[in-house]
Amino acid sequence: MIEIAPSILSADFARLAEALALAEKGGAGAIHVDVMDGHFVPNLTIGPPVVRSLREATRLSLDCHLMIERPGEWIARYADAGADRITIHAEAEPHLQRAVQAIRDRGLVPGVAINPATPLEVLDEILPELDQVLVMSVNPGFSGQRFWEPAVDKVARLASRIRARGLAVAIQVDGGVGPATIGPLVAAGATRFVAGNAVYGQPDPAGAIRGLLAAAEGSR
Ligand code: DX5
Ligand code: ZN
C-alpha cells in the first residue's frame, strides 16, 4: 500500500484548512507535520497548538516529524495535541529506545528518521521496535531542496535488512520526492512518501497527489 503524506510546510500557513481539504481530495494517506526547533535544524516551524488545530480540521492521520533536540521530552505534548505517528531523529536523541517506547506507550505509532550521512547501522538494535524508518533524502530544515540520489541505494539496503530479519517496518522517504524520484524509490522498497513542493508547490495539489500515486503504482 503506497502512502503519500503531503507536507504542510510547503502550504500557505494562513490557509492550512484548505491545504488539508486538498490533501483529502487527492487521496493522501496522512498529513506530514514538520516540527523544527531552530537547534537541530536551522528553521523554526510548528508547535503543539498548531497540531491541535490540525487535529480538529482533518480525519487524516497526523504524521509528525520531530526535527528537534531531545524529542523524547516532547512526546507527551505532541501526543496530547493529537499526533498519530511520531518520528524522531536518531541523531537528536541519546535515549532512542526509551523515546520510542514512550511513543508506543501513548498508543501512537513510532518511527525513527536518519539524515543522509547517518549510516543504517544506528538502526540495528531499535529496528524491531519501529513501525517506520524515515530515510531523509535531503538534509532536514527546508522544503523544496534537491533530492539526494544515494537515498535510493540506502532504501534498497534498508529494505533487504528488514526482509532478512523478517520484520514489518515501513520505509518512508522525505525530501525532494516528486514524479521523477518516486518510481526508483518504490522499486527500492519504500512505500511511504512525504511530498512538500511536489504537492503544495503545484497549481493543482490534489491532482499532484493523484499523479504521485499513479507514478508509484506504475513502478511496482
Ligand atoms: C525537510 C522536511 C520535509 C520537507 C519536504 O526538512 O522534513 O518534510 O517539508 O519538502 P519537499 O518535498 O519540498 O522536499
Ligand atoms: Zn519532514
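Looking at segment 129-143 only, could you name the residues that are without any contact (Cβ under 8 Å) to a residue 40 or more places away in the chain and within 16 Å of residue 101 (Cβ to Cβ)? Across segment 129-143, the qualifying residues are 129, 130.
Out of all the residues in segment 44-52, is one or more closer than 20 Å to residue 144 by Cα and surrounded by fewer than 16 Cβ atoms within 10 Å (Cβ to Cβ)?
yes
Kindly indicate whether any position in segment 41-61 is in contact with a Pro (Cβ under 8 Å, 6 or more places away or on another chain) and within 28 Å of residue 91 (Cβ to Cβ).
Yes.
Total residues in segment 1-48 satisfying the condition of being more than 24 Å from residue 68 (Cβ to Cβ), of a type in the set (D, E, K, R) and in contact (Cβ under 8 Å) with a residue 40 or more places away in the chain: the figure is 1.
Counting just the residues of segment 106-146 that are assigned to a loop (DSSP other than H, G, I, E, B) and of a type in the set (Gly, Ala, Ser), which one comes out surrounded by the most Cβ atoms within 10 Å (Cβ to Cβ)? Among them, the one singled out is 137.
Determine the pairs where a residue that is farther than 19 Å from residue 46 by Cβ and free of Cβ contacts under 8 Å to residues at least 12 places away in the same chain, located within segment 79-106, has a partner that is away from ligand 1 (no atom under 16 Å from the Cβ) and not in a helix (DSSP H, G or I) with Cβ atoms under 6 Å apart, the partner being 6 or more residues away or on another chain. Filtered contacts from segment 79-106: no entries. Check whether at least one residue in segment 3-20 is farther than 14 Å from residue 196 by Cβ and within 15 Å of ligand 1 (Cβ to nearest atom), and report yes or no. Yes, there is a match, as at least one residue in segment 3-20 is farther than 14 Å from residue 196 by Cβ and within 15 Å of ligand 1 (Cβ to nearest atom).
Those residues that are in contact with a strand residue (DSSP E or B) (Cβ under 7 Å, 6 or more places away or on another chain) and more than 14 Å from ligand 2 (Cβ to nearest atom), I need them from segment 4-27; list them, please. Hits for segment 4-27 are 20, 23.
Quick note: the coordinates plus some simple rules give every number you see, no bench work behind them. Note that the coordinates shown come from a computational prediction; the quantities given were computed from them, not determined experimentally. Note that we place each Cβ from the backbone using ideal geometry, even for glycine, and neighbour counts take in every protein chain shown.
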